[in-house]
Amino acid sequence: MHHEDHAKHTLRVFGGRADEVHTFLDQFFPKYKISHRRLLHHRLGIRLIVEKLGQEAWGPAELHILDDEGKVAEDWLDVEVQYLDPGDEAEQEKDLILLYGRETYGKVRASRK
């Protein structure tokens, strides 16, 4: 979905557009196109956005992800990545560390070994 579609859906469901939520979730689209969803379109991403924008961001963030993915994955390792350019993966890993910190990044990675 495009930003305006997300905003209109959020307005219908929650009574506000929540533009800042949609902008935050899709901030990596220009860099990674469709595979941008790997970075923030999951429960860990929702927790991050709530830390940044407040509890009222939870519902619109979850709705945004459901609209895009049809489900809300636990973290980036559970997100089905379409069209991931192999050259982008290393750069995305760096962005994940910047977003979540080395400790959280390491815990998520370790949980799958």
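Coordinate-derived values only; no laboratory data. If you're wondering where the values come from, they're calculated on a predicted model, not measured in any experiment.
Suppose the Debye formula is applied to equal point scatterers at every Cα of segment 3-110; what is log10 I(q)/I(0) at q = 0.15, 0.16, 0.20 Å⁻¹? Relative scattering, expressed as log10 I(q)/I(0), comes to -0.59, -0.67, -1.04. The 3J(HN,Hα) values that the Karplus relation (6.51, -1.76, 1.60; θ = phi - 60°) gives for segment 66-80 are, in residue order, 4, 4, 7, 10, x, 7, 10, 6, 6, 8, 5, 6, 9, 7, 6 Hz. Gly and Pro appear as x.
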